[in-house]
2 protein chains.
Amino acid sequence: MSKLRVQCFTLSLDGYGAGPSQDLANPLGVGGRALHKWLVETRTFQRMFGGDGGSTGVDDDFAARGFDGTGAWILGRNMFGPIRGPWPDEAWKGWWGEEPPYHTPVFVLTHHARPSLEMRGGTVFHFVTDGIEAALRRAREAAGGRDVRLGGGIATIQQYLRARLVDEMHLAVSPVLLGAGEHLLGGLDLPALGYRCVEQVPTANATHYVIARGE
Amino acid sequence: MSKLRVQCFTLSLDGYGAGPSQDLANPLGVGGRALHKWLVETRTFQRMFGGDGGSTGVDDDFAARGFDGTGAWILGRNMFGPIRGPWPDEAWKGWWGEEPPYHTPVFVLTHHARPSLEMRGGTVFHFVTDGIEAALRRAREAAGGRDVRLGGGIATIQQYLRARLVDEMHLAVSPVLLGAGEHLLGGLDLPALGYRCVEQVPTANATHYVIARGE
C-alpha cells in the first residue's frame, strides 16, 4: 500500500524544526535557512528552482527520495502560509509563486473552507477541514498507489505520529544550534508509538536518520 | 587557563541523556546502555575496565579526549549514586567499585555534607555543599592547570551552561530513540548563552558534535 512518508525534514542539533520568530520575511524562522544547507546545495534542490549544478551523493540521494514515487502531499496550514483564522480572501496562494515545487495534489489542513486552487505545473491545493484522517484518505486516493508525503510543519507531523499514521520519517540533523523554536521530538514517545531508528547516514553537512514503524 | 569541559556526553536522537526509569539496576535508565554503544566498543573504554582490544578511530579519539589533560571532575549527586536527601551513612561509595575510573579528585555537588572519600587508584570524592561556582573553583585548584571535566548529569550540565561556565561540550548523538527521560538541550537557548557548534564528526555509531563558547 502507499506509504505516508516524512522526507527531508531538517532539525537543528538542539531539536528544533524551525527557528524562532517565524514571519513573512522568515518563513523558516530566524536562522532556519542555515538549517537547510545540506538540502540547498543538492542537485535535486537546485533543479527544482531551475538552477544548474548542485551536489550529488548522499545528501542529494535523500533530497531525491523526497520526490520519487510521491503522488500527493499533505501540509499543515502554517506551511502553506502565515495567515491565521478565516481566509480574508483568496489572494494568498502559498509561499512558492505561480509554479510551486509539488507538481501533485496538495492537501492543506485548515479549519476554514476554501475552494481548491490550481497552480501551474500540476500543483493543486485542496483545503481539508475534516481532520488528518480525512486528509490522508483523500491524499491516498489522489496519489493513485504512489506515496503520500507529509511536508509539515511540526504540529502536523506530531499529530500524524501520535495517530501512528506515519510509515516512515527521514530527518536530517544539521550541526546548527537554534536555541528556540518548535521542538519535533521532545514530548513525543516514539518507541511507545512503535517507531525506531532504522538507518543513520552521515555527511559533512548533516546526519540523516530514517525512523520507521515496526511490526 | 584550564577549561571546564563536558566530554563524551551521549544523547539519543530524540535528545535524551538518560533513559526513563532510572534505578539501581539501570543507572542510565531503561535503554540507556544502547545509547553508549559508540563508547563501550572503544579501546579507551575497554582498557579503562581492564579489557584488551576495542576499536580505534574517531570514536576512540573522542573517548580518549575525555581523559587527556583532565585534572579533576565535577559530578552532580545523581551521577554519584541513587540516594536522595541526607546520607543515611557512609556505605555508598559510588557506582564504580573500589577503583573508580577517574584517578583524580572528583567534586560531587550535594546539599548534604559528608567527609571526603579516598578510593583506590587516585580517585578522591569530595562533597561540595556551597554551589556550582565553589565546586568549579575547588576543582580548578585541584586540577593544577589541567582541565576540569564536568561529568553530568543533565541538570548539573544545564546549571553550568546557564551560568556560561562550560568552555567546551562534546556531545555524541546515537541513532537510538528513547522516547522519554531527561532532555539536555530542550529549554536551553545555547546561542543566547554564547555557544555554537564548531565541529561535527560522524561515525557509524554516532555523530560527534563539539559546542564551544564564542568570544
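The values are calculated or read from the model by the stated rules, or taken from the named source; none is laboratory data. Computed from a predicted model, the values in this text were never measured in an experiment. Note that each Cβ is placed from the backbone with ideal geometry, even for glycine, and that neighbours are counted across all protein chains shown. With ligands, DNA and RNA removed, areas are computed over all heavy atoms of the protein, side chains included. Shrake-Rupley method; radii C 1.70, N 1.55, O 1.52, S 1.80 Å.
Looking only at the range B:104-111, decide whether some residue is assigned to a loop (DSSP other than H, G, I, E, B), under 20 Å from the mean Cα position of the chain (by Cα), of a type outside the set (D, E, K, R) and closer than 17 Å to B:GLY66 by Cβ. Steps first, answer last, please.
Our first condition is that a residue be assigned to a loop (DSSP other than H, G, I, E, B); within the range B:104-111, this holds for B:104, B:110-111.
Add one more test, that the residue is under 20 Å from the mean Cα position of the chain (by Cα), and what stays is B:104, B:110-111.
Next, only the ones that are of a type outside the set (D, E, K, R) stay: B:104, B:110-111.
This time we only want the ones that are closer than 17 Å to B:GLY66 by Cβ, so: B:104.
Yes - at least one qualifying residue is present in the range B:104-111.
Could you tell me which residue of the range B:195-215 is modelled with the lowest pLDDT, considering only residues that are in a loop (DSSP other than H, G, I, E, B) and among the hydrophobic types (A, V, I, L, M, F, W, C)?
Per the criteria, the residue is B:ALA204.
Restricting to the range B:56-85, name every residue that is part of a helix (DSSP H, G or I), open to solvent by less than 20 Å² (accessible area, probe 1.4 Å) and not aliphatic (A, V, I, L, M).
B:ASP59, B:ASP60, B:PHE62, B:PHE80
What's the total number of residues in the range B:164-174 that are on the phi > 0 side of the Ramachandran plot and outside any loop (DSSP other than H, G, I, E, B)?
0
Restrict the check to the range B:72-83 and report whether at least one residue is among the basic types (Lys, Arg) and farther than 28 Å from B:ALA172 by Cα. Talk me through it step by step, then tell me what you get.
Step one: filter the range B:72-83 for residues among the basic types (Lys, Arg), giving B:77.
Now restrict to residues that are farther than 28 Å from B:ALA172 by Cα: none.
Checked the range B:72-83: no residue is among the basic types (Lys, Arg) and farther than 28 Å from B:ALA172 by Cα.
If a residue has to be open to solvent by 10 Å² or more (accessible area, probe 1.4 Å) and within 29 Å of B:ALA212 (Cα to Cα) to count, how many in the range A:195-215 make the cut?
Total satisfying the criteria: 8.
Scan the range A:64-93 for residues that are under 11 Å from the mean Cα position of the chain (by Cα), farther than 25 Å from A:GLN46 by Cβ and among the aliphatic types (A, V, I, L, M) and jot them down.
A:ILE74 - this is the single residue of the range A:64-93 that is under 11 Å from the mean Cα position of the chain (by Cα), farther than 25 Å from A:GLN46 by Cβ and among the aliphatic types (A, V, I, L, M).
Restricting attention to the range B:141-163, does a residue exist that is in contact with a helix residue (DSSP H, G or I) (Cβ under 8 Å, 6 or more places away or on another chain), modelled with pLDDT of 95 or more and either within 27 Å of A:LEU171 (Cβ to Cβ) or part of a loop (DSSP other than H, G, I, E, B) (or both)?
The answer is yes; a qualifying residue exists.
Hey, any hits in the range A:140-162 for a residue that's open to solvent by 40 Å² or more (accessible area, probe 1.4 Å) and within 14 Å of chain B (Cβ to nearest Cβ)?
Yes, the range A:140-162 contains a residue that is open to solvent by 40 Å² or more (accessible area, probe 1.4 Å) and within 14 Å of chain B (Cβ to nearest Cβ).
Is it the case, given these coordinates, that B:ARG47 is among the basic types (Lys, Arg) and assigned to a loop (DSSP other than H, G, I, E, B)?
Values: among the basic types (Lys, Arg): yes; assigned to a loop (DSSP other than H, G, I, E, B): no.
When the stated conditions are applied, B:ARG47 does not pass them.
Return the total of residues in the range A:195-215 being at the interface with chain B (Cβ under 7 Å from one of its Cβ atoms) and over 19 Å from A:TRP38 (Cβ atoms).
Going through the range A:195-215 one residue at a time, the tally reaches 2.
Does B:LEU177 fit the bill of being more than 7 Å from chain A (Cβ to nearest Cβ), assigned to a loop (DSSP other than H, G, I, E, B) and in contact with a strand residue (DSSP E or B) (Cβ under 6 Å, 6 or more places away or on another chain)?
no
What residue, of B:VAL176, B:VAL106, is touching a His at 6+ places or on another chain (Cβ under 8 Å), surrounded by 21 or more Cβ atoms within 10 Å (Cβ to Cβ), in contact (Cβ under 8 Å) with a residue 12 or more places away in the chain and among the β-branched types (Val, Ile, Thr)? Full working, then the answer.
Details: B:VAL176 fails: touching a His at 6+ places or on another chain (Cβ under 8 Å).
Answer to the selection: B:VAL106.
So for the range A:186-194 (the condition being open to solvent by 20 Å² or more (accessible area, probe 1.4 Å) and either away from chain B (no Cβ under 12 Å) or not in a loop (DSSP other than H, G, I, E, B) (or both)), does at least one residue qualify?
no
Identify all residues within the range A:116-139 that are in a strand (DSSP E or B) and surrounded by 13 or more Cβ atoms within 10 Å (Cβ to Cβ); write none if there are none.
A:LEU117, A:VAL124, A:PHE125, A:HIS126, A:PHE127, A:VAL128
Condition check: closer than 28 Å to A:ASP61 by Cβ, within 14 Å of chain B (Cβ to nearest Cβ) and of a type outside the set (S, T, N, Q). Does A:LEU136 satisfy that?
For A:LEU136, the condition - closer than 28 Å to A:ASP61 by Cβ, within 14 Å of chain B (Cβ to nearest Cβ) and of a type outside the set (S, T, N, Q) - is not met.
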